[in-house]
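Down below is the structure, laid out as structure tokens.
The values are calculated or read from the model by the stated rules, or taken from the named source; none is laboratory data. It should be emphasised that the depicted structure is a prediction, and the values quoted were computed from it without experimental measurement. All Cβ positions, glycine included, derive from the backbone under ideal geometry; neighbour counts span all protein chains shown.
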């Protein structure tokens with residue numbers, strides 16, 4: 001190379017640079033927008049963090065809202081020493097975990113049946129599952145009131161004002177969507193894989209547990225994350241169906257106990273919201289690696 | 001070890017008949033290849049034998065027992081799929097032992113069988129690998145290993161080589177043949193590649209449009225095809241079909257291609273062909289190797305003719321020449337040193353002793 005450029009007598013300039021130049025510009029632009037969006041979306045949680053570290057007096061003072069003059073952990077101490085906050089947290093945790101387990105058990109089995117066992121009406125049923133997801137919960141809670149009243153009159157079981165009622169309620173939102181995700185995932189598994197299992201002597205249940213669940217693990221984890229997030233952040237149903245302080249879940253608990261009349265205890269509200277957002281964040285961080293891993297690689301033709 | 005019998009087997013998808021009542025007897029330890037163009041019903045037939053498709057009519061028996069309503073796992077078969085269908089989350093050992101584990105086979109028996117199969121297929125050092133760490137050929141071996149381990153009555157292969165590149169395909173073809181010589185098990189093999197069919201099969205079953213066109217040894221199909229379809233499907237380059245008429249002139253039978261070109265019919269065919277004199281829709285079928293360059297010595301039934309060559313394709317050991325008769329392209333195989341050149345006339349020789357006369361109306365070879 002060096003000899004050639006000397007021989008030609010001209011300073012050598014690589015002519016193959018345009019591709020990498022294009023790439024460099026594309027990268028610069030994507031970084032620009034990524035940073036822009038990151039700032040935009042990180043602003044609220046940072047504001048929450050800053051506010052949670054201030055005293056009430058400093059929050060109400062007309063100072064720079066982004067600056068803390070006297071940082072304090074008093075809001076955290078106050079909130080965590082209140083027994084009721086821990087009750088909200090416990091209620092939310094039990095409800096969310098139970099909802100995740102219930103949802104995944106129903107939707108994995110339902111999705112397997114709908115995706116693989118071709119039976120009469122299976123395609124219509126699969127679409128139907130998705131359509132139920134499209135009905136907003138704001139339309140559902142009034143009929144649900146009616147149903148709860150009927151259950152109370154007929155069987156004498158009071159479903160109103162219990163945190164555990166949420167375990168039956170939330171799956172109406174999570175099961176359709178989780179099932180839909182899983183149908184898509186199972187449908188992407190090559191048909192030959194279950195045929196091979198069938199010939200190998202596996203029953204439908206063994207095909208599901210030994211082949212489909214391991215292969216579709218990324219999809220199952222995606223559905224789990226989704227279900228947990230929905231269950232943890234659900235606001236409308238607990239607001240409508242629970243009233244006693246001991247029966248509240250975290251999102252509703254923070255709002256109803258820390259806003260007294262028109263007095264907003266901003267410091268503690270922000271602290272509660274921040275602590276409440278922690279579990280989903282931790283779960284995301286742990287499961288993301290699985291979520292991205294492509295497990296189906298190598299099943300069939302490479 | 002078992003024979004497989006198909007009696008009037010029908011497969012209907014809604015209103016479409018995929019398989020139209022086929023009869024087939026596969027003897028014990030035989031290597032049968034089902035071959036045909038896509039959509040001919042060969043894969044459907046194989047899947048019906050496997051039990052992956054329900055049959056709409058007729059009977060399928062394996063080892064003398066009708067298995068119409070027997071689920072796949074109880075048919076004692078093993079299948080190798082086109083895309084291998086290896087379980088991606090299991091390593092090679094687990095893939096091969098999965099079926100035996102489900103059958104609750106003792107661990108030491110599983111281990112012995114897996115290692116034996118791995119040895120036959122030369123994949124012992126791959127046993128700990130996951131499918132995605134294997135090449136296409138290795139995956140194909142593992143898929144075969146999974147079948148061998150189960151020691152089934154029947155092996156079913158569904159186009160197992162079509163995902164491999166050309167070189168590997170030839171290599172694996174030999175491999176499959178070797179394995180069948182070592183592990184003599186009744187085998188049904190589906191392919192659309194007639195070369196694979198010819199090289200592997202004890203008997204070839206040519207299917208077309210849901211029916212069996214012909215069953216026979218590779219040589220039978222090649223030299224005595226029963227129908228125009230078989231004649232055209234088996235052999236590469238394909239057999240030439242030229243419209244012709246059969247005429248009786250001065251006591252001798254001749255095939256007349258056009259005003260300029262006619263050949264006397266070989267004496268041993270005269271009696272067979274005489275009833276068809278004057279019939280419309282007749283075709284002369286002649287394989288490319290029976291059209292050659294002219295030679296000093298003339299064998300019986302060989303006749304020279306002059307032809308303008310359109311295209312010349314040198315293949316190394318032979319040269320293919322293409323010319324046009326009655327508006328159809330005709331291919332001949334000549335010696336590379338015969339001096340064939342495009343757009344030049346050439347003296348060619350037709351060997352009529354291997355001719356076929358075809359009724360184009362019925363598609364039958366007369």
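Quick check on segment B:91-122: of everything there that is outside any helix (DSSP H, G or I) and free of Cβ contacts under 8 Å to residues at least 24 places away in the same chain, which residue is nearest to the other protein chains (Cβ to nearest Cβ)?
Looking at the filtered set, the residue picked out is B:103.
Looking at A:257, A:271, which is the one that is more than 27 Å from residue B:89 (Cα to Cα), more than 14 Å from chain B (Cβ to nearest Cβ) and modelled with pLDDT under 85?
A:257
Determine if segment B:170-193 includes at least one residue that is touching a strand residue (DSSP E or B) at 6+ places or on another chain (Cβ under 6 Å), in the same structural domain as residue B:62 (by TED's automatic domain parsing) and in a loop (DSSP other than H, G, I, E, B).
Yes, segment B:170-193 contains at least one residue that is touching a strand residue (DSSP E or B) at 6+ places or on another chain (Cβ under 6 Å), in the same structural domain as residue B:62 (by TED's automatic domain parsing) and in a loop (DSSP other than H, G, I, E, B).
Do we find that residue B:130 is assigned by TED's automatic domain parsing to the domain that holds residue B:172, over 31 Å from the mean Cα position of the chain (by Cα) and at positive phi in this structure?
no
With respect to residue A:290, is the statement that it is at pLDDT 80 or above, surrounded by fewer than 17 Cβ atoms within 10 Å (Cβ to Cβ) and outside any loop (DSSP other than H, G, I, E, B) true?
no
Is it the case that segment A:214-221 has a residue that's under 23 Å from the mean Cα position of the chain (by Cα), assigned by TED's automatic domain parsing to the domain that holds residue A:119, free of Cβ contacts under 8 Å to residues at least 60 places away in the same chain and assigned to a helix (DSSP H, G or I)?
Yes, because at least one residue in segment A:214-221 is under 23 Å from the mean Cα position of the chain (by Cα), assigned by TED's automatic domain parsing to the domain that holds residue A:119, free of Cβ contacts under 8 Å to residues at least 60 places away in the same chain and assigned to a helix (DSSP H, G or I).
Given the conditions (1) crowded, with 21+ Cβ neighbours inside 10 Å; (2) within 19 Å of residue A:49 (Cα to Cα); (3) out of contact with any strand residue (DSSP E or B) (no Cβ under 9 Å at 6 or more places or on another chain), which single one is not true for residue A:231?
(2)
May I ask you to list the residues in segment B:45-61 that are more than 18 Å from residue B:103 (Cβ to Cβ), in contact (Cβ under 8 Å) with a residue 60 or more places away in the chain and in contact with a strand residue (DSSP E or B) (Cβ under 7 Å, 6 or more places away or on another chain)?
B:45, B:46, B:49
If only one of B:285, B:232 is touching a residue at least 60 places away in the same chain (Cβ under 8 Å), closer than 30 Å to residue B:203 by Cβ and outside any loop (DSSP other than H, G, I, E, B), which one is it?
After ruling out the rest, the residue left standing is B:285.
Does residue B:146 fit the bill of being touching a helix residue (DSSP H, G or I) at 6+ places or on another chain (Cβ under 7 Å), assigned to a loop (DSSP other than H, G, I, E, B) and either free of Cβ contacts under 8 Å to residues at least 12 places away in the same chain or within 12 Å of chain A (Cβ to nearest Cβ) (or both)?
The answer is no for residue B:146.
Quick check, is residue B:46 within 13 Å of chain A (Cβ to nearest Cβ), closer than 28 Å to residue B:169 by Cβ, at pLDDT 90 or above and assigned to a loop (DSSP other than H, G, I, E, B)?
no
Tell me which residues, restricted to segment A:99-147, are in a loop (DSSP other than H, G, I, E, B), without any contact (Cβ under 8 Å) to a residue 60 or more places away in the chain and under 25 Å from residue B:14 (Cβ atoms).
Those that are in a loop (DSSP other than H, G, I, E, B), without any contact (Cβ under 8 Å) to a residue 60 or more places away in the chain and under 25 Å from residue B:14 (Cβ atoms): A:118, A:119, A:120, A:121.
Determine the pairs where a residue that is closer than 12 Å to residue A:50 by Cα, located within segment A:261-276, has a partner that is surrounded by fewer than 17 Cβ atoms within 10 Å (Cβ to Cβ) with Cβ atoms under 6 Å apart, the partner being 6 or more residues away or on another chain.
Listed by first residue and then by second, the contacts come to A:267/A:56.
Quick one: is residue B:306 assigned to a strand (DSSP E or B) and in the same structural domain as residue B:353 (by TED's automatic domain parsing)?
Criteria met by residue B:306.
When segment B:58-90 is examined, which residues are found to be under 26 Å from the mean Cα position of the chain (by Cα), more than 13 Å from chain A (Cβ to nearest Cβ) and either surrounded by fewer than 16 Cβ atoms within 10 Å (Cβ to Cβ) or part of a loop (DSSP other than H, G, I, E, B) (or both)?
The answer is B:59, B:63.
May I ask you to list pairs of residues, at least six apart or on different chains, whose Cβ atoms are under 7 Å apart, with the first in segment B:242-257 being without any contact (Cβ under 8 Å) to a residue 12 or more places away in the chain and the second being assigned to a strand (DSSP E or B)?
Close Cβ pairs satisfying both conditions: B:254/B:247; B:254/B:262; B:254/B:263; B:254/B:264.
State whether the residues of segment B:334-342 include one that is surrounded by 13 or more Cβ atoms within 10 Å (Cβ to Cβ) and under 26 Å from residue B:224 (Cα atoms).
Looking through segment B:334-342, at least one residue is surrounded by 13 or more Cβ atoms within 10 Å (Cβ to Cβ) and under 26 Å from residue B:224 (Cα atoms).
Every residue in segment B:130-139 that is facing chain A (nearest Cβ under 10 Å) and either crowded, with 24+ Cβ neighbours inside 10 Å or assigned to a helix (DSSP H, G or I) (or both), please.
B:131, B:132, B:133, B:136, B:139
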